[in-house]
1. Given H placed 1.01 Å from N in the peptide plane, which residues other than close sequence neighbours of Tyr343 have an amide H under 5 Å from its amide H?
2. Glu413: accessible area at probe 1.4 Å, nearest 10 Å²?
3. In the chain, with Lys and Arg counted as +1 and Asp and Glu as -1 at Cβ, which of these residues, Met238, Leu741, Gln174, has the Cα nearest the positive end of the dipole, that is, farthest along it?
4. Give the relative contact order (percent, whole number) for the stretch 108-189; include only Cα pairs under 8 Å separated by 6+ residues.
5. Past the 21 Å Cα-Cα mark, which pairs from Lys589/Lys628; Lys486/Lys582; Lys278/Lys325; Lys613/Lys708?
6. Would you mind checking which residues have amide H under 5 Å from Leu353's amide H? H placed 1.01 Å from N; only 5 or more apart, or other chain.
7. Straight-line reach from Lys542: which aspartates and glutamates have Cα under 17 Å away, leaving out those fewer than 8 places along the same chain?
8. Assign unit charges at the C-beta atoms only (+1 for Lys and Arg, -1 for Asp and Glu), then state the dipole size of the chain relative to its Cα centre in Debye, rounded to the nearest 20.
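The values are calculated or read from the model by the stated rules, or taken from the named source; none is laboratory data. What you see is a predicted model, and the numbers here were worked out from it, not measured in a lab. When we count neighbours, we look across all protein chains shown, and the Cβ atoms used for this are built from the backbone with ideal geometry, even at glycine. Side chains are part of the model used for accessible areas, which takes the heavy atoms of the whole protein and leaves out ligands, DNA and RNA. Shrake-Rupley method; radii C 1.70, N 1.55, O 1.52, S 1.80 Å.
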Amino acid sequence: MEIFLDLNEIKIKEYLQNHPEFLDNYVLSHVEPDHIQTWLERKKNDKNRDLCAVSIPKSCMHSESHQMIQDLSLTLQHQPTKYDVLVELGNCISSAINADGFTLFLADEGDDSLYIYMGQNARGEAILTLAKTNEVEVPLYVARQRKAIRLSRNNGDYSNYFKKKPKIGHILCQSIQQPDGKLIAVIEFFKHESGYAFQDEDEDIAYSYIIWGGIALHYAILCMNMNKNKKLNDFLLMVVRSIFQDMVSMELLVPKIMNYAQRLVDADRASLFLVDSKQQELYATVFDVGNDEQQEGKSSPDIRFKMGTGIAGIVAETGKTENIKDAYSDPRFNHEIDKQTGYKTKSILCMPLFNQTSIIGVVQMVNKRNGFFTEEDEKAFEMFAVYCGLAVHHTKLYDKIRKSEQKYKVALEVLSYHSTCAESEVQRLVPQLDNQFPIIDDYHFNSFAYGDDDKVCFAVHMFEDLFGLRRFDRQCLIRFTLTIRKNYRNVPYHNWSHGFSVANTMYTLIKKTSDVFRPIECLALYIAALCHDLDHRGKNNKFMADTESPLAAIYSTSTMEHHHFNQTVAILQNDGHNIFSKLSYQEYKQALSLIKHCILATDLALFFPNKSKLTVLIETEKFTWSSKEHRLMIQGIVMTASDLSASAKPWDVQEKTVKIIFEEFYDQGDAERKAGKTPIPMMDREQPNEQANSQVGFLSGICLPCYKTLYKLIPETKPLLDMVQFNLNKWRKIAANEETL
Ligand SMILES: Nc1nc2c(ncn2[C@@H]2O[C@H](COP(=O)(O)O)[C@@H](O)[C@H]2O)c(=O)[nH]1
């Protein structure tokens, strides 16, 4: 019996809407794929096809999409999260297709799990629940196939699916992907049983909105990434500032970094392990930094384990990042620490930290909130790890520097104690200052005739004679001079006797040339002469450089002369030693500046250029005592003249001094030979006949030019010039074997 159904277009449509599977089955079993493809092409390209006419008037669609864009743009203005955009999109589509609601499933590209979106917490972090596979077969199908599905309760294929969804009669499930095709989410709209089934045009409308939404979402993700990048840049700036400006110690900087890192990848815990390369172990520097900004990482020095142990140990060995989704299913995971802490590790993101040459540590993020650590987390973490390595490396350096500074301070304290004179020595010397002094303002004064204690008395007496005691304290002066003597080493030539002798020549020159130099210049010249070779080791600057001595590392030029000045300042800074304490700040500053200039001028390497410039000024009659620069130049010459004044002493003193100088030269030559170097003839004790020739060279090449220049500007120094000339002639005769020593 043929049944004629009273069918018309509306009833057919109604039937098809209520029985979508009927149409699906018909098309899938009766229509050729090519024909379906033609339909799809036509649908995409059919400009005239009016989506809205089918379900919503274009104006309404237009106004709807206009409203959606307005809503979305409002959302986007408030720096949306990805979830804000998805929820807004779902709301827009729901109202456009008259859905009673929707469920949002978030995808994890790590695997094809879906997470049911339950909302956001105060920090804008999504609250997700892992969807049980057997409860989401439809969204899972859509996620895998990227195909929309429309179902109604009486649809045979998925009737079980509706059993878990009481009161829901119809669903429309669609995937949402980024422009690059990456799956973001699946959205399942639903209607209660009383509603109509979703239609084609509902699917089309949802599809159209999702296109818009995808763009908005892409923008939102860009915005979030920009925010994240801004936060990352702000963090990196903080790290760099901490490293290079605050120079904070490890204790302060690393917890900051770990707190940031833990927030960066949304981890529940963060730990930093450093490599103990000697023990081949890792130890926790900061362990279990929580999500609370204030919570400082608990430093757990007792958490130590061998390299290669656990995920962190393996990363420290291999230098490769590990992203573990389920720690306990990874045989490499070390359960021991969980046992110690009672904390359950699920997911781990672990990254090596490098300095220029090696792995210095491992940063470990534990338990990603809501799921697993993503590829995006790994990328962000990689950048962070570079700066974390930089920070750790520099804080370790600063910690070493701080420890060295403390050791240096201790060494200085010890040195200061042992290198300053005792009060008893001061008291013992005071009465001696009232004794009768020999005539010592004499260029030919022979210091060999007196002992070291006498020389201390003479030195204090010379100072008081030149500068009086109105602005100086005698006890302080005695203490200062005794400590100066103590800080000359017991070497053959560059000892206290040499320091005193140079000061004596300077004293004589100042006494016999009154009014050439100003008081502050005289004070500086005298103290510089007394201190100019403090702590000399009997080796010259070349030796200090060749042997890579620490002093040469500190002072690359005029090595010993800088050290002599540094020692002078150190002694002035000792309690009870500051002879300048009654000077004004300006006078003190000027005195120290002049003392530095004078001591550095005793470096013969500086003598030659200084003398040449001065000679030109003299010969062109441009030298003027009113020029500060010219005064400094002549002060330099005066220092050298005093320093080499042994060459201008009577012959018996010169001959005795030279023996001592060569003793020291030969000691240096022996040390050079021991170091595998060949000493110059002057320092080679195996070439003793070189002495006379060396002296001819030294007196003619250095001393005579020095005293000639000095004489042109300070004629009162003629006795020095005459005696040098005499001694030079003696050395020439000896060198020519016309005389013997
Ligand atoms: N060959 C000689 N060298 C001498 C003599 N007197 C000093 N010197 C060297 O000159 C410098 C002076 O600088 P100083 O501040 O260290 O005293 C030093 O290197 C002496 O070794 C000499 O008579 N002959």
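1. The answer is none.
2. Using a 1.4 Å probe on the heavy atoms, I get roughly 120 Å².
3. Most positive-ward Cα: Leu741.
4. Details: 115 pairs, mean separation 19.3, N = 82.
Dividing the mean separation by the residue count of the stretch 108-189 yields 24 percent.
5. Numbers: Lys589/Lys628 16 Å; Lys486/Lys582 24 Å; Lys278/Lys325 32 Å; Lys613/Lys708 14 Å.
Checking Cα-Cα distances, Lys486/Lys582; Lys278/Lys325 exceed 21 Å.
6. Residues meeting the criterion, in which the H sits 1.01 Å from N, are Ile360, Gly361, Val362, Val363.
7. Partners within reach: Asp533, Glu561, Asp603, Glu664, Asp667, Asp670, Glu672, Asp684.
8. Details: 84 positive and 97 negative charges, 452 e Å.
Rounded to the nearest 20 debye, it is 2180 debye.
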